[in-house]
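> Have a look at this one.
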Amino acid sequence: MAEEKRLMKGNDAIGEAAIRAGCTAYFGYPITPQNELTAYMAKNMIDNKRTFIQAESEVAAINMVYGAAATGARAMTSSSSPGISLKQEGISYACGADLPLVVVNVMRSGPGLGGIVPSQADYFQSTRGGGHGDYYHFVLAPKSVQEAADLTYEAFDLADEWRMPAMVLADGLIGQMMEGVVLPEKRDLSKLPKKPWAVGHQGELKRPINHVTSINLVPQELEATVKARFERYAKIKASLQRFEELNIDKSDLVLVAYGTASRIALGALELAKADGINVGLLRPITLWPYPEKRVSELAQQGKRFLVVEMSMGQMVEDVRLAVNGRAQIDFYGRTGGMIPTEDEVYAEIRRILKK
Amino acid sequence: MTEKTFMAGFGGQGIISLGQLWVYCGMKEGLNVTFFPYYGAEKRGGIARANVIVSDKEIASPLVTKPDSAIVMNMDSLPICEEIVKPNGTLLINSSLVKVDPNRKDVKVVKVPCNELAEEIGDVKIANMVMMGALSKVTGAVKLAKLEEVLKSFFPENKHKYIPMNIKAIEAGMNAVK
């Protein structure tokens, strides 16, 4: 039976969803606007007799996550943009070692220390491999507190199933806002997926040695490992591109936006509708794998696109790749922590449609 | 029905609690709700602000840029609220602390002496609850029915002794705009 709806802050809901998903080890370092998440884990992981460590730095935290994940724990860290930059080395190592782990980024404005208000300017960093080397990992983009909880919960399953990091890419608005949320059920830790590849407990298990590492100094072998990993990426891209869409059939113009920007795009869509103008909305839920098949189909049908982001234009490049020159693409973005308004986006719609 | 409310006051007046309780009651009445506070780097002081939406439909942007109603709890908040409230919207003003009239003539102005009413009941700290009663009465967006039950589930048990006082404050606010 579904639980009663609760009023929760995004950061708290992410923390509770992680605990319910069976996260047994959390390592973090405080940063606004995700502080409530670290605080939630500090209290509730310990209450649940699980591991919580406030590390001495973000670099330490991600490496603790790496270590815990290598022993088979469901491990997680969270931070906000500047802190996520510091974690990139560890994320690259985890991708190179095929380690499942969960990273939550509650984005704020940048570059550099930037500001503490919401932003979506970490799209490139998240989807293109913010660290070094040939790799990708899951990137899930919630639009609401409910989805922040649901996607965090699911991130642990995806990470384990595909043996790779999964990132939940929220922003300061999702983290700080309160909405109603129905939380998923608490997992029985004894029923989590078995990880025969994990290190530790070798004596009691009497199994052969396992190695979890990203290093391989033999180029032929390393190339084969990376290629095998890319075959896994291809399977994910073929089966797990996820999106939500609205009012597409009736519309020539399709808004493309994720997370908070998609909420604003929805508001603009409703303003347009009230004036008798139809526009559609395509909201990517997975940013990696990007829903490129759907964007491509829509381009083939002759749709044109308006991409709305809280950045100078990053996801718009994935739309361009999927469209491949077949459709017109416009972009509207605000940055530096400025959040576009529904009216601004609607004005852009009218400008494009000359209405 | 969608009611977008902007709430502002000085830090300590309970703007955040007011917004949270308003949406909590809305959620308990079956509405979709969002509450987004302004968050800054200040440790204390400054103007506390909250974007609050209750709706029987899916809520698009959680930001309130053109509020249907705005709550002005102190003098400094008046210019901010007056600038953004939409034409024919409502300004709910705490007349205990705001002694001037707004310049806008295209909005409905509701004055509630929140501090005085709260002090009469017993504590100036519940001035925010007086204002919540007024907001409910004026907008009808959240009915604040079954209040005792809802407040019991919102506040931890050690605060339950304050519930009767809060209910009195909310009712005083409702009656003040009759």
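The values are calculated or read from the model by the stated rules, or taken from the named source; none is laboratory data. Please read these numbers as outputs of a predicted model, since none were measured by experiment. Neighbour counts run over all protein chains shown; Cβ positions are idealised from the backbone, glycine included.
> Do we have any residue at all in segment A:272-285 that's surrounded by fewer than 16 Cβ atoms within 10 Å (Cβ to Cβ) and within 14 Å of chain B (Cβ to nearest Cβ)?
Yes, the conditions are met somewhere in segment A:272-285.
> Which members of segment A:36-51 meet the condition of being surrounded by fewer than 18 Cβ atoms within 10 Å (Cβ to Cβ) and in contact (Cβ under 8 Å) with a residue 24 or more places away in the chain?
A:44, A:48, A:51
> Select from segment A:200-214 the residues that are part of a loop (DSSP other than H, G, I, E, B) and either in contact with a helix residue (DSSP H, G or I) (Cβ under 8 Å, 6 or more places away or on another chain) or surrounded by 10 or more Cβ atoms within 10 Å (Cβ to Cβ) (or both) and list them in ascending order.
A:200, A:201, A:207, A:209, A:210, A:212, A:213, A:214
Here's the yes/no breakdown for (1) buried (at least 18 other Cβ atoms within 10 Å of the Cβ); (2) farther than 24 Å from residue A:215 by Cβ; (3) in contact (Cβ under 8 Å) with a residue 40 or more places away in the chain; (4) of a type outside the set (Asp, Glu):
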| site | (1), (2), (3), (4) |
| --- | --- |
| A:59 | no, no, no, yes |
| A:63 | yes, no, no, yes |
| A:70 | yes, no, yes, yes |
| A:75 | yes, no, yes, yes |
| A:78 | yes, yes, yes, yes |
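> Out of A:231, A:185, A:221, I need the residue that is touching a helix residue (DSSP H, G or I) at 6+ places or on another chain (Cβ under 7 Å), outside the structural domain of residue A:298 (by TED's automatic domain parsing) and loosely packed, with under 14 Cβ neighbours inside 10 Å. Which one?
A:185
> Where residues in segment B:52-66 are at the interface with chain A (Cβ under 8 Å from one of its Cβ atoms) and charged (D, E, K, R), which of them is farthest from the chain's Cα centre (by Cα)?
It comes out as B:58.
> Would you mention how many residues in segment A:167-199 are closer than 20 Å to residue A:50 by Cα and not in a loop (DSSP other than H, G, I, E, B)?
The number of residues fulfilling the criteria is 3.
> Given the options B:150, B:98, B:110, B:142, name the one that is in contact (Cβ under 8 Å) with a residue 24 or more places away in the chain, within 14 Å of chain A (Cβ to nearest Cβ), not small (Gly, Ala, Ser) and not in a helix (DSSP H, G or I).
The match here is B:142.
> Another question, if that's okay. Quick one: in segment A:328-346, of everything that is within 12 Å of another protein chain (Cβ to nearest Cβ) and hydrophobic (A, V, I, L, M, F, W, C), which residue is surrounded by the fewest Cβ atoms within 10 Å (Cβ to Cβ)?
Filtering segment A:328-346 for residues that are within 12 Å of another protein chain (Cβ to nearest Cβ) and hydrophobic (A, V, I, L, M, F, W, C), the one surrounded by the fewest Cβ atoms within 10 Å (Cβ to Cβ) comes out as A:338.
> For segment A:29-52, give me the residue count where each residue is within 14 Å of chain B (Cβ to nearest Cβ) and either part of a loop (DSSP other than H, G, I, E, B) or at pLDDT below 95 (or both).
Total meeting the criteria: 5.
> Scan segment B:61-73 and report the pairs whose first residue is touching a residue at least 24 places away in the same chain (Cβ under 8 Å) and whose second residue is basic (Lys, Arg), with Cβ atoms within less than 6 Å and a gap of 6+ or a chain change.
Every condition considered, the pairs that remain are B:64/B:4; B:66/B:86; B:67/B:4; B:68/B:4.
> Which condition number in (1) on the phi > 0 side of the Ramachandran plot; (2) in contact with a His (Cβ under 8 Å, 6 or more places away or on another chain) is the one that residue A:166 fails?
For residue A:166, the exception is condition (1).
> Specify which of the listed residues (A:126, A:85) is at pLDDT 95 or above, closer than 20 Å to residue A:160 by Cα and part of a helix (DSSP H, G or I).
None of the other options fit; the residue is A:126.
> Look at segment B:1-51 and say how many of its residues are within 22 Å of residue B:144 (Cα to Cα), among the aromatic types (Phe, Trp, Tyr) and facing another protein chain (nearest Cβ under 8 Å).
3
> Find the residue count for segment B:71-95, including only residues that are assigned to a strand (DSSP E or B) and more than 13 Å from residue B:47 (Cβ to Cβ).
Total satisfying the criteria: 5.
> Okay, next question. Count, please, the residues in segment A:245-303 that happen to be of a type in the set (A, V, I, L, M, F, W, C) and in a loop (DSSP other than H, G, I, E, B).
4
> Yes or no: segment B:67-76 includes at least one residue that is surrounded by 15 or more Cβ atoms within 10 Å (Cβ to Cβ), within 14 Å of chain A (Cβ to nearest Cβ) and closer than 30 Å to residue A:35 by Cα.
yes
> Any residue in segment B:120-135 that is farther than 12 Å from residue B:17 by Cα sitting within a Cβ distance under 6 Å of a residue that is in a helix (DSSP H, G or I) and polar (S, T, N, Q)? List the pairs, counting only those 6 or more apart or interchain.
B:124/B:115
> Here is a further query. Any chance you could count how many residues in segment B:136-178 are closer than 18 Å to residue B:23 by Cβ, of a type in the set (Lys, Arg) and surrounded by fewer than 18 Cβ atoms within 10 Å (Cβ to Cβ)?
3
> Still on this model: Is it the case, given these coordinates, that residue A:260 is within 16 Å of residue A:341 (Cα to Cα), touching a Lys or Arg at 6+ places or on another chain (Cβ under 8 Å) and not assigned by TED's automatic domain parsing to the domain that holds residue A:176?
So residue A:260 passes the test.
> Criterion first (touching a residue at least 60 places away in the same chain (Cβ under 8 Å), under 20 Å from the mean Cα position of the chain (by Cα) and in the same structural domain as residue A:165 (by TED's automatic domain parsing)) does residue A:179 satisfy it?
yes
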